[in-house]
Amino acid sequence: MNNTITIENRIWLPLVAAGLALALAAGLLTFLLLQQQTENQPSARPAPTIAAPTSIPQAKWRIKIAPRAGKRISKADRARVEKRGAKVARMVQTVFDTMFLDPSNMDKVVANTFTRRAARALRRPGVGLPKGADRIRTVRRKATVTLYAETASQAVASVQVQLKGIDEDRRFRLRQTATLWLQRGKKGWRVIAFEFDQRPR
């Protein structure tokens, strides 16, 4: 028998076995790496659909700012009236938009815009939306802001709001006219007195 073949078999067979073992180990390692990458990738499932909030168109605010003076006023006084009147106008919008469109935040807004005495007086029934009102849509929002030109620290806001909505599956219409008296102090403008007239339309 030729011993050369036997010697070659003894040499190459272990090498082949070792090569197969390395190949299997490499294949297993590759499989594990691919499996880990697959697990780390985000799921291909579609994201849940979130319904967009219902948007109800609202009437645009129409606000006029005017000085109140018994004599001719200077350009400087007029500029001051316009600047401070713009702040009062923004406050008016905030108060009435919160009252009718975001009533859950009304207490917070009143605390920041009314004096304590005026805030307590506002807690009476009959001002604002009826209980359970929904689907509110304003059809008219109008205000006139008048400032005393001499100091521009006192103002009167005359406001008109008309709206419609649903109350316990019944449609309703509401009209409110209001007058706010405001005073400018160290903490800015505050409502010191008011008058509301609210009734079905």
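Laboratory data are not the source of any read-out in this text; all were calculated from the coordinates shown. What you see is a predicted model, and the numbers here were worked out from it, not measured in a lab. When we count neighbours, we look across all protein chains shown, and the Cβ atoms used for this are built from the backbone with ideal geometry, even at glycine.
Things worth noting here:
- Ranking of MET106, MET91 by count of other Cβ atoms within 10 Å, fewest first: MET106, MET91
- Residues whose amide H falls under 5 Å from that of PHE114, counting only those 5 or more places apart or on a different chain, are VAL191, with hydrogens built in the peptide plane.
- Longest to shortest principal axis, alpha-carbon extents of region 61-200, angstrom: 55, 29, 19
- Here the 3J(HN,Hα) profile of region 191-201, calculated from phi with Karplus coefficients 6.51, -1.76 and 1.60 at θ = phi - 60°, is 7, 9, 7, 7, 8, 10, 10, 10, 7, x, 10 Hz, Gly and Pro shown as x.
- Near ARG201, the amide H atoms lying under 5 Å from its own belong to ARG173, LEU174, ARG175; only residues 5 or more places off or on other chains count, and H is placed 1.01 Å from N.
- Taking each of LYS60/LYS164; LYS87/LYS131; LYS71/LYS142; LYS83/LYS186; LYS75/LYS186; LYS64/LYS142 in turn, the alpha-carbon distance tops 19 angstrom for LYS87/LYS131; LYS71/LYS142; LYS75/LYS186.
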